[in-house]
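For reference, the structure discussed in these notes is given below.
The values are calculated or read from the model by the stated rules, or taken from the named source; none is laboratory data. Because the structure is predicted, anything quoted here is derived from the model rather than measured. Counting neighbours? That spans all protein chains shown, and the Cβs are built from the backbone with ideal geometry, glycine included.
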Amino acid sequence: MVETSEMEFITIGEIVAPQGTKGKLKVKVLTDFPHRFAANSTIYVNHQPTTIETSTWYKGMVIIKLPAIDSLQDAERLRGEMIEIHPSQLQPLQEGQYYIFQLIGLEVWTTAGELLGNIKEIITAKSNDNYVVSGDKGEFLIPAIEDVVKSVDLETKRMVIEPLEGLLELNKKTGG
């Protein structure tokens, strides 16, 4: 028997509010694969599998209907719950691409052997993502570009970067 741990599930959305009075749910989408919210798709709420009956898009959010959620009160009880998938439902990515959950927590080392800290957040931008790396020397914003990121090893949970001249000084976050 395989034991299920909370880490096995991957969050793809958050139920932000009921929509209407018939049990529909307004969901903030937290995935690059919005087709996961199509009708008849299997999702997990509270680690329990369920199937989306209907889905429609409205102002960047998806409105879904789940079985047995038929009233405003039923829907209200799910406010703030995460919508998840099982890892077996992950889409394969191209080489060199990673899911955010795979990168959070990685140790970040420079090519000179200096440990900067661990990735605690990823800020998505139009041009490129930026990794927020926190360690003993403070917080750094590291651009997720080929010139900087030299290797990612998910097995050893390490990323190696080659900081461009001035990068660490320029992108160090200061308190206050």
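The number of residues in region 38-61 that are in contact (Cβ under 8 Å) with a residue 40 or more places away in the chain and not in a loop (DSSP other than H, G, I, E, B) comes to 4.
Do we find that D153 is under 30 Å from H47 (Cα atoms) and among the acidic types (D, E) in this structure? Before the answer, list the steps.
Values: under 30 Å from H47 (Cα atoms): yes; among the acidic types (D, E): yes.
Criteria met by D153.
Can you say whether E95 is at pLDDT 90 or above, within 19 Å of the chain's Cα centre (by Cα) and not hydrophobic (A, V, I, L, M, F, W, C), as far as the supplied structure shows? So E95 fails the test. Residues to consider are D129, D136; find the one that is free of Cβ contacts under 8 Å to residues at least 40 places away in the same chain, in contact with a Gly (Cβ under 8 Å, 6 or more places away or on another chain) and of a type in the set (D, E). Result: D136 is the single residue among D129, D136 that is free of Cβ contacts under 8 Å to residues at least 40 places away in the same chain, in contact with a Gly (Cβ under 8 Å, 6 or more places away or on another chain) and of a type in the set (D, E).
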